[in-house]
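Working notes, beginning with the structure itself.
Throughout, read-outs are computed from the coordinates displayed, never taken from laboratory work. Quick caveat: nothing in here was measured; it's all calculated off a predicted structure. Cβ coordinates were reconstructed from backbone atoms using ideal geometry, including for glycine residues, and neighbour counts include every protein chain displayed.
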Amino acid sequence: MAAASEFSALTILDLRPSSAPEHRARWRALCERSFGLDGEADAAARSILEQVRARGDAAVSELTARFEGRELAPGDFELPRARAEAALAALDPALRAALEQAAARVRRFHVAQARALTTTGLEDEDEGAALHSRVAPLRRVAVYAPGGTAAYPSSVLHAAIPAKVVGVAEVLLFTPRPSEVVLAAAALAGVDRIFAIGGAQAVAAAAFGTQSVPRVDKIVGPGNAYVTAAKRQVFGRCDIDSIAGPSEILVVADASADPAMVAADLISQAEHDVQASPVLLCTSVELATAVSAALRAQLATLPRQQIAAAALRDQGAAVIVGDRDALAAEADAYAPEHLELLVERPRELAERIHRAGAIFIGPFTPEAAGDYTAGPSHVLPTAGGARFSSPLGCWDFVRYTSLLELGESSLRAQALAITSLARAEGLEGHARAVELRLAQREEDQP
């Protein structure tokens, strides 16, 4: 792992017309990044899933002992809900106040968001048709909260609260070695049941169900490579939110940006994980050089300096483009989890960027606010997933059912089109099902 002194400067990738071709090739590789789709973690997750599916609780206990060194009997998987309430009651008052503020703001935002999740449809009285899309909450959802190098009570709030806002009946939390602050967050978020198991075995237990763990409809929340690989493989047995990789940030900056502020925001993601991706996209080498100097200064006193320095060294970059148009184009090409705009007229630039998990506009909107208190869920697509997926939201915890009710006149108006298309596809039974109804109706007429 890198020490802070081993970080010297961000790797420069100059994309301006006169730059070396290998710079653009390296940038293309960064834009095409992926995570959790193959490799060692994928194979290991497949084996774990098979074991848990076949042997249930016994496999979960054995795998927890093997990977975590914890002897956990099936009777110990679930923690009493009272443990969470007690943790909240005993929490340091200042920390409790911070959690309560975060929970209240996350809940307020998602209550507003949920108003858009309404039953909609078409009532055509003239034709005699009623067509609707009915919305209803999922019944049981699993929230995964990582253990590892840092505990994330904020992830519990940002994943569980939207589920409870829309009326999910049971929210289950899966987290290995839960800290008291994570338990307190579970109490504030309204989590119904807490399981002290983690890793791919927790994903398997939630997806398949075991003797002690009920099967869920959906699994959400970030985890390590093995959790991510397991989530991908259980999709279809249940739903998942997304394929989450290491945290990433793209800071877009121009000459108006404060290098120290840019550096601080890059570090805010680099300190998560040695695999995090902190990238600067800017319009001058001079700014990139000043940011590198600020990074060295700030790393010197950072508690997690070794982790942050490794991420900056191995995945960090300063990407140089020629103008504001190129800032927008390359930001879209990268499709970051977190996109910060430290530029002049940031709102205007935000309107031109369409591929990002969350966009943080202007100097008073650090990514850290989104992680904790701003309101929208911080569970976001990574590894370029913002090209096609969305942040976790109320929509993740509901399902839609189509309701179709046709009167005779409506079916008659569609009958020729239905039967013609059915026979074009070689599906005679479809056509006859329509014709039979109408023929019977004609026979019933006096």
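Helix-only estimate, please: 222 nm mean residue ellipticity of the chain, summing -39500 (n - 2.57) across DSSP H runs of length 4 or more and dividing by its residues, to the nearest 500.
Rounded to the nearest 500, it is -14500 deg cm²/dmol.
Give the distance, in whole Å, between the Cα centre of segment 67-95 and the Cα centre of segment 119-178.
24 Å
Rounding to the nearest 20 debye, state how big the charge dipole of the chain is about its Cα centre with +1 on each Lys and Arg Cβ and -1 on each Asp and Glu Cβ.
840 debye
What shape does segment 128-212 have by the C-alpha gyration tensor, where a ≥ b ≥ c are the square roots of the eigenvalues, rounded means a/c under 1.5, and otherwise prolate means a/b greater than b/c and oblate the rest?
Note, shape of segment 128-212 comes out prolate.
Tell me the label-point distance for the pair Leu436, His354, using the 7 Å Cα-to-Cβ offset, in nm and rounded to one decimal.
4.7 nm
Nearest 10 degrees, 0 to 90: what angle lies between the long axis of helix 153-165 and the longest principal axis of the chain (Cα atoms)?
Once rounded, one gets 20 degrees.
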